[in-house]
Every structure is written in C-alpha cells, then in structure tokens.
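The values are calculated or read from the model by the stated rules, or taken from the named source; none is laboratory data. Quantities reported herein were computed from a predicted structural model and do not represent experimental measurements. Cβ placement follows ideal geometry from the backbone for every residue including glycine, while neighbour counts extend to all protein chains displayed. The area values use the complete protein model at the heavy-atom level, side chains included, leaving out ligands, DNA and RNA. Shrake-Rupley method; radii C 1.70, N 1.55, O 1.52, S 1.80 Å.
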Amino acid sequence: MLFNAFSMATVSHHAQGLWAEPDSRQLEYANPQMWIDLARLLERGRFDALFNADVIAPYARYRGSRDSAVHEGMQFPTLDFSLLIPLLAHHTEHLGFAYTQNILQEPPYAFARRMSTLDHLTQGRVAWNVVNSFLPGAGRNLGYGGLPDHDELYERAQDYLSAVCKLWEWSWDDDAVVKDKVTRQFADPAKVHEIKHRGPYYQVDGPHLCEPSPQRTPLLFQAGQSAVGRKFAGRHAEAVFIGAQSPENAAPLVAGFRHAARAAGRHPRSIKVFVPRTYVVGSTEAEAKRRDADLLERQTIEGNLARMSVFLDRDFAEDDPATPVGELRRRKNLPSELRTLLDAGERDEQTLGELILRIGNRRLAGTPDQIAEDVARWQAAGVDGINLQYVVLPTSFAEFVDHVCPVLRDQGLMQREYTGGTLREKFFPGAGPRLPEDHPARRRAG
C-alpha cells in the first residue's frame, strides 16, 4: 500500500478547533522548521508523499459569509505550498511532494515552468493534483466572475492538460541538451521545438522554458468522481482519490476507475486509487476510543458547520445547530439528501451540530493492530493507498509513524525501505507506458 500524509499550509485543515491543543504546531504553519520536521518524520516512517491540499478563496457557504472560516482559521489563511517544496526536498531524500493547483489559477505556459522547476529541484519527486475549483469565490478572485459550469471546467482541464503536457514532453528532444564546454554550446536549436498548441481555451506556441526535468511530466493526481470526472481520470490520472466510507462502498468505485482507464486504452492498474483515512491510536481499543471522544468534545461545532456547509452544499445555519435530530426528522418535505444525512444520527436527542461534527470527523480509534486490519480491508477492496489525515499536527502523524508503521511493515502492508528513482518510478516500479498512445504526455520526438 502507498501512504500519503494529507495536509494543508493553513491553521486548520480538518478537525476544526484542535489547532489550539497543547501538542499542536498548527499555528506554526508559516514556520519553515515545522514543515522540515514534519517531512523528516514522514520519511522516517517511509511515507511515499506529503500531499498538500489547497483552496483559492475562503469558505463562505455557512450563513452566506466567510466570517466563521476567518474566525476559526478554517483553511484560511493559506500559503502557496509550492514555495516550500524545494526546502523540504533539500532536507529529505525520498519523500514525494504533491502540489494542488487548479487549472484556472495560472496560464499553462507559466505553470509548466513552475512544475518543471520543482521537478528539477526535487530531482523528480513532485506530483500535481489536477483540480477544478469548487468555490465560487475562487472564480471571482481569478477574474472569471464566478466559476464556469461543471462540464465546462472539465473541458478547460482537458485543454489545459494538453497544453502543459506538450510543453513538458514535445518541446525538447531527449538529446537536445549538449553542454559542450569546448564549443560553448548548451543546446541544439534544431531539437528545441515550438508546440503550437491551439485548443478551445488556450493557445500556446512554446518552446518550453525549461530543459527536460527528471520526470518531464509530474506524477498526475486527480479527485473527481462524477461521470465526467471518471472519464477525465481514465485518460489523464495516475492516482485518484475516492470518498468511500467503507471497503464495501469502495469496491465499485475502484472498479469504475479501472473501467475508465481501460476505456481510454490503458491498463486498468495504471491508476492508483487512494482513500482518506483518519486514525486515533491507543494501546488498547478503550483508550483509543476515549481519546477520540475527548478530541471530538474539544472540536468546534461552528468550524465544522462552516466546512461541511461547503462539502454537503447546504447552509446549515438554516436550522439552529442545537435543534434535535429527531425534531428535524419529523418535518415534512425534507430534501432527500438532508433526510439521508439525518438518518445517520445516532439518537433523536442528538443535535444537528453534534451530528455534523461527527459526520465531518469520521475516524477509526483503535490499537496499531486494529488499524493495520483496517488498512488490509481497504487493500482487499482493491484500494492502492491511504491518504492519511491528521487530527492534531504533528501528533497524529508521529503516533502513526512510531506505533502503526512498524506493524504495517511487519504485515507487508507498507514498504520497509525506499527504492530509488523518481516519484513516478516509486509508484509504478518497472511499469511500462501509463497513458493512452495518443496522450500528449507520451513523448513525441521532433
């Protein structure tokens, strides 16, 4: 199994309110040393990558305002993680770094240079999480007056991917760089090409501003589960995320992505499928559950309502968070998605705020052996990797590295040692072509 540490360069990613815990370093999100210490910890645990999420606008669905997000430090403010990657690569040897940037954020020509620079400076350890922004504020801030509709965003993403991949793969021949000190020739002009990309949204001439980096094209992540998202992933993605809550629910989703890859002319195993998981570790199950309950008690309902209003696309300020779930269930003409949500309530007297708090913080609390059993169940469902979320940073990752990783390694569920090569070669050791024959990321000489 592959393991990413899921984080964000912000005060509070998930588990709102726990940045205030005594063992948290989340207020140090702008301190380079905190990130260096985290990267070294993850490499000691043999994690594959530090995966950074990102948003380009504050959450503003709850109460129609960003005030709760600002008050809580909930994914706001947030830094540009790409600037940290070279520093962290300098202090590690094998750990990969996945960077999230949406396709509206930067012209493809400039972004291609950014990623090639990162690939050079990390010696081939960088990945790009290809996203379409889901926050309307991002579209306004980036000059679009709002977000294009869902399908148009994917059409833009197709065109964007085509442009940047042509820059990475088609612009410089493998032997274009000469570096001949005698003749003082750096590169052969005949082997550096314009790409002359002409798409529906982007027109890019080239040539690419960077000589070929170790991976050329960074490892490509993607996280869309709609029909158009699966089709996009089937053609482009090398790793995807699914939001399944159980291995049983994951199996058909995994099969869907395998089918999408096959339909695009790829091997079904050319996409690695990850699930998000959060664990609370204890020496006994009772201790772990007690710790989990204590942590949940100290989380803020307001921050979770602000986050989940966006994720579930409903302003949960429409009802008082103190309203009992049973009272809400008795209302007539409830939207079906709200009724499904309320049916997840544990008891009628549980409040709406308490329900959203629990739904937004699903965690497995158990011993290292129980957590290893959970990982094995996901593997049996066809999942390739875990995107590990923290509860308190860095405590959650430190406890996983010290207590769970040794058990996973003993059971053959986690690598004992790193292999050499780029991040892509670590994800796909010995694999052949990963993308369709006509994909722009397939090398085209001349």
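Glu425 falls short of the stated requirement of being surrounded by fewer than 22 Cβ atoms within 10 Å (Cβ to Cβ), under 21 Å from Gln245 (Cα atoms) and in contact with a Gly (Cβ under 9 Å, 6 or more places away or on another chain). On inspection, Gln379 does not qualify as more than 26 Å from Asp174 (Cβ to Cβ) and not in a helix (DSSP H, G or I). Restricting attention to region 52-97, the residues that are under 25 Å from Ile301 (Cβ atoms), over 16 Å from the mean Cα position of the chain (by Cα), among the hydrophobic types (A, V, I, L, M, F, W, C) and not in a helix (DSSP H, G or I) add up to 4.
Does Leu88 fit the bill of being at pLDDT 95 or above and surrounded by fewer than 17 Cβ atoms within 10 Å (Cβ to Cβ)?
On the way: at pLDDT 95 or above: yes; surrounded by fewer than 17 Cβ atoms within 10 Å (Cβ to Cβ): no.
In short, no.
When Ala380 is tested against (1) closer than 20 Å to Arg46 by Cβ; (2) of a type in the set (A, V, I, L, M); (3) surrounded by fewer than 14 Cβ atoms within 10 Å (Cβ to Cβ), exactly one condition is not met: (1). Number of residues in region 296-314 that are assigned to a helix (DSSP H, G or I) and either open to solvent by 20 Å² or more (accessible area, probe 1.4 Å) or of a type in the set (Phe, Trp, Tyr) (or both): the value is 6.
Can you tell me which residue is farthest from the chain's Cα centre (by Cα) among those in region 136-153 that are surrounded by 19 or more Cβ atoms within 10 Å (Cβ to Cβ) and among the hydrophobic types (A, V, I, L, M, F, W, C)?
First pass over region 136-153, keeping only residues surrounded by 19 or more Cβ atoms within 10 Å (Cβ to Cβ): 138-139, 147, 153.
Next, only the ones that are among the hydrophobic types (A, V, I, L, M, F, W, C) stay: 138, 147, 153.
Values: Ala138: 18, Leu147: 21, Leu153: 18 Å.
Looking at residues that are surrounded by 19 or more Cβ atoms within 10 Å (Cβ to Cβ) and among the hydrophobic types (A, V, I, L, M, F, W, C), I get Leu147.
Could you please let me know if Asn4 is at pLDDT 95 or above, over 30 Å from Gly146 (Cβ atoms), open to solvent by 50 Å² or more (accessible area, probe 1.4 Å) and not small (Gly, Ala, Ser)? Explain how you work it out, then say what you get.
Numbers: at pLDDT 95 or above: yes; over 30 Å from Gly146 (Cβ atoms): yes; open to solvent by 50 Å² or more (accessible area, probe 1.4 Å): no; not small (Gly, Ala, Ser): yes.
So Asn4 does not fit the description; no.
Here region 269-282 is the region considered, the condition is being in contact (Cβ under 8 Å) with a residue 60 or more places away in the chain and more than 22 Å from Pro368 (Cβ to Cβ), and the residue that is surrounded by the most Cβ atoms within 10 Å (Cβ to Cβ) is Val273. Candidates Tyr99, Tyr62: the one that is more than 30 Å from Asp320 (Cβ to Cβ) and hydroxyl-bearing (Ser, Thr, Tyr) is Tyr99. In this structure, Phe47 does not satisfy being under 30 Å from Ala233 (Cβ atoms), open to solvent by less than 30 Å² (accessible area, probe 1.4 Å) and either acidic (Asp, Glu) or part of a helix (DSSP H, G or I) (or both).
Pick from Arg230, Arg266, Arg198, Arg184: which is basic (Lys, Arg), open to solvent by 50 Å² or more (accessible area, probe 1.4 Å) and modelled with pLDDT under 95?
Numbers: Arg266 fails: open to solvent by 50 Å² or more (accessible area, probe 1.4 Å); Arg198 fails: modelled with pLDDT under 95; Arg184 fails: modelled with pLDDT under 95.
Answer to the check: Arg230.
Quick grid of which residues meet (1) open to solvent by 70 Å² or more (accessible area, probe 1.4 Å); (2) under 25 Å from Ala57 (Cα atoms):
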{"residue": "Asn132", "(1), (2)": "no, yes"}
{"residue": "Glu155", "(1), (2)": "yes, yes"}
{"residue": "Tyr160", "(1), (2)": "no, yes"}
{"residue": "Asp174", "(1), (2)": "yes, no"}
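If Ile56 meets every condition in (1) in contact with a strand residue (DSSP E or B) (Cβ under 8 Å, 6 or more places away or on another chain); (2) more than 30 Å from Leu408 (Cβ to Cβ); (3) open to solvent by less than 10 Å² (accessible area, probe 1.4 Å); (4) of a type outside the set (Ser, Thr, Tyr) apart from one, which number is that one? Only one criterion is unmet by Ile56, namely (3).
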